[in-house]
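Structure record follows, encoded as structure tokens.
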Amino acid sequence: SSFTCGDLISHDGYDYSTVLIGDQCWFSENCRYLPSVSPSDFNSGSETVPYYYVYDYEGTDVAAAQATSNYETYGVLYNWPAVMTEGICPSGWHIPSDGEFTELTDFLGGESVAGGKMKDDVQWNGSNSSGWTGLPGGYRYSGGFSNDGDVGYWWSASESGSYSWIRVLNGNGGSVYRDDDFRYYGFSARCVRD
């Protein structure tokens, strides 16, 4: 059966919703691939070893983490090595490059307005006119978890010196922000079709 963008795509036992934006086919929800789970404990951060986190979950039991409402709503927070592992996206899909994110935001009218079109209109104050359905999943840093309900952060696959490029949506206004950040942080992820 041939996939048409807008169809569900099954990966690792879960059916992801998808959306066509310009010439790109995106997941319209965050990745939830979770081969293992770590507590937020600051000692467990790494810029080289994959780490997987679920917001506010401080255990190591994958099934228990998957049973939480934060997992259900926001998916998984990945450090950059985790987001670069092969299993995170279905075959034929990948973590977007910095340039692919720029293509998305350019299509939506540029960074100053694209954020409002990318933000969900239920959880927070976007229009979600793009259907990208960005959620404020927060992040994991050396001090624990922060900012759920307020800010969403998404990794790109592109490096920026010893950092990697991300995109940030927050509750203020319609902007989307391009930034680079430490690879040990736990951020959300999306897949885009090859």
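The values are calculated or read from the model by the stated rules, or taken from the named source; none is laboratory data. Predicted model, so just to flag it, every value in this text is computed and none were measured. Virtual Cβ from ideal backbone geometry, glycine too; neighbours counted across all protein chains shown. Heavy atoms of the whole protein, side chains included, go into the accessibility calculation; ligands, DNA and RNA do not. Shrake-Rupley method; radii C 1.70, N 1.55, O 1.52, S 1.80 Å.
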* By the scheme Lys and Arg +1, Asp and Glu -1, what is the net charge of all other residues having a beta-carbon under 15 Å from that of residue 81? -> -2
* Structure fact -> Cys residues of the chain with no disulfide-compatible partner (no other Cys Cβ under 4.7 Å) are 31
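Under the classification rounded if a/c is under 1.5, otherwise prolate if a/b is larger than b/c and oblate if not, where does the stretch 105-194 fall, given a ≥ b ≥ c as square roots of the Cα gyration tensor eigenvalues? List each step's numbers first, then the result.
Numbers: a/c = 1.89, a/b = 1.29, b/c = 1.47.
Oblate.
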* **For the stretch 11-19, Karplus couplings with θ = phi - 60° (6.51, -1.76, 1.60), whole Hz, Gly/Pro x** => 8, 6, x, 9, 9, 8, 7, 10, 8
* Normalised contact order of the chain, rounded percent, pairs of Cα under 8 Å and 6 or more residues apart -> 24 percent
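Sorted by accessible area with a 1.4 angstrom probe, largest first, how do 183, 178 fall?
Details: 183 35, 178 105 Å².
From most exposed to least exposed: 178, 183.
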* **Cβ-defined net charge surrounding residue 176, 14 Å radius [Lys, Arg +1; Asp, Glu -1]** => -2
* Express the accessible area of the chain per residue in Å², computed with a 1.4 Å probe while the remaining protein chains stay in the model. => 42 Å²
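If I compute solvent accessible area with a 1.4 Å probe over the protein chains, what percent of it on the chain is carbon and sulfur?
On the way: 3690 of 8130 Å².
C and S atoms contribute 45 percent here.
Dipole of the chain, Cα-centred, from +1 at each Lys and Arg C-beta and -1 at each Asp and Glu C-beta, to the nearest 20 debye? Show your work: numbers first, answer last.
Working: 9 positive and 26 negative charges, 24 e Å.
So the magnitude is around 120 debye.
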* At a probe size of 1.4 Å, how large is the accessible area of residue 111, to the nearest 10 Å²? -> 80 Å²
* With a 10 Å radius around each residue's Cβ, average the other Cβ atoms per peptide and rank 75-83, 115-123, highest first. => 75-83, 115-123
* **Euclidean distance of C-alpha centroids, the stretch 2-79 and the stretch 116-133, integer Å** => 19 Å
* Asked: Can you give the calculated 222 nm mean residue ellipticity of the chain, where each DSSP H run of n ≥ 4 adds -39,500 (n - 2.57) and the sum is split over every residue, rounded to the nearest 500 deg cm²/dmol?
  -> -4000 deg cm²/dmol
* Asked: Per-residue HN-Hα couplings for the stretch 45-52, Karplus 6.51 cos²θ - 1.76 cosθ + 1.60 at θ = phi - 60°, whole Hz, x for Gly and Pro?
  -> x, 8, 9, 10, 9, x, 10, 10
* Structure fact -> Taking placed amide H atoms and a strict 5 Å upper bound, the residues 5 or more places from residue 93 or on another chain that come that close are 194
* Apply the Karplus parameterisation 6.51 cos²θ - 1.76 cosθ + 1.60, with θ equal to phi minus 60°, to every residue of the stretch 123-140 and state each ³J(HN,Hα) to the nearest whole Hz, in sequence, with x for glycine and proline. => 6, 8, 9, x, 8, 6, 5, 7, x, 6, 6, x, 10, x, x, x, 8, 10
